[in-house]
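What follows is a set of notes on a single structure, which appears directly below.
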Amino acid sequence: MHIVADSHHILVETTVYKKLKMENIFPILKIIKKRGVVPVLKEAITPALAVTFMAVPQGLAYAILAGVPPIYGLYSCTLPLIVYSIFGTSGQIALGPVAMISLLTSGAISALPGVTDEMSLILVHVLALLYGVASLLLGILGLGSITQFLSHEVLGGFTAAAAIIISFSQMKYVLGVKIARHHYPVETFVEVFSKIPETNFAEVFIAFVSMSLILALRYWKNKYTGAGKKQQTTKIFKIMSVVVRFSALVVVFVTSIVAAIMVASGLNINIVGTQPSGIPTPTLIFSSSSVASYIPDLILPAVTMAFIGFAETYAVGKIYDTENLIEPNRELVAVGIANIVGKYYYFLIYIIIVYCIHILFISFLTIINFGCL
């Protein structure tokens, strides 16, 4: 019996040691240890540049979709992505603003009664914080496997419906008209059609050029690249391959030139304009009692966003997870920490401490359970 007990304690000590290893807390260290710093940097530099160029126009667009100034889309693509790379278990996921979460954010804020434009931005920050807290708690409680019960049909239907709603919500920029926020999508549809006589054809032309470029580049990519397609060595093919890889940036560049020419010609076009430079200073979002009063109404949307956002991220990550490295619960923790730090970046050290305490607590329970056997 004494020998069996000792073997249990040895097993416990080994298990605890594995849990407390820095590579288990920070998965990025495991990759660096396995491949080396220099090879990892060489492999990551090209995808990093591609993601950076893609994230800039997408971040600006998704910020507008969420109902916040465009510059906040760039803020969301910086520190949260760095934090996720430290805690996340997927090497292919680039954390940042996405259409689904931006749409849910806009819908949750617009559904609140008596919200002014000034308060709207603060409430978006509150919702982002609650979204991060919900993801963190779901991960700590080990509820990441719940997303396995979400069928592809449900996610596909939700995505298709979201695409339709997003399309109509952005028609005010395509048509160049002003459309108020509405709680129900049907009201947005009706107002969009009622505003057609006020269409600004200059902005319609820019939208047409953008969509034509995107469709043309996608057509070329599907026809001449991909598995089973013969790779050509001509200069034109190489140039087009680079253009297709940075298609979003190319579209933004071309349409920006077109817009600049049209503005110089005296046409009325809405542009993003000058954005503030630098990093904003941290602000206390709960300084007003009116803001705190909306928190109960934002808890359910935050939890919903945590489930849907993680399900979408996890599904994309599993497509490229050939080595089966993604762990659902750790992904939830990583996404949660990234969102919280994105709101309060000076809380980073405290979040790390909380996560380490969580590992120690689980290890302590493991010791007690094995010791009682």
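Read-outs: derived from the displayed coordinates by stated rules, not from any lab. Keep in mind that what you see is a predicted model, and the values were worked out from it rather than measured. Cβ placement follows ideal geometry from the backbone for every residue including glycine, while neighbour counts extend to all protein chains displayed.
Numerical summary
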item	result
Separation of the LEU79 and GLU118 label points, Cα + 7 Å toward Cβ, nm	2.4
Integer Hz, Karplus 6.51/-1.76/1.60 couplings in order for region 205-213, x for Gly and Pro	5, 5, 4, 5, 5, 4, 5, 5, 5
Exceeding the 26 Å Cα-Cα cut-off - candidates LYS172/LYS223; LYS33/LYS318; LYS30/LYS230; LYS34/LYS235; LYS238/LYS318	LYS172/LYS223; LYS30/LYS230; LYS34/LYS235; LYS238/LYS318
Calculated FRET value between LEU300 and SER194, using beta carbons and R₀ = 22 Å, to 0.05	0.10
Förster-model FRET efficiency, 35 Å R0, ILE271 and PHE237, C-beta, rounded to 0.05	0.50
Cα→Cβ-extended label distance, 7 Å offset, between PHE208 and VAL38, nm	5.5
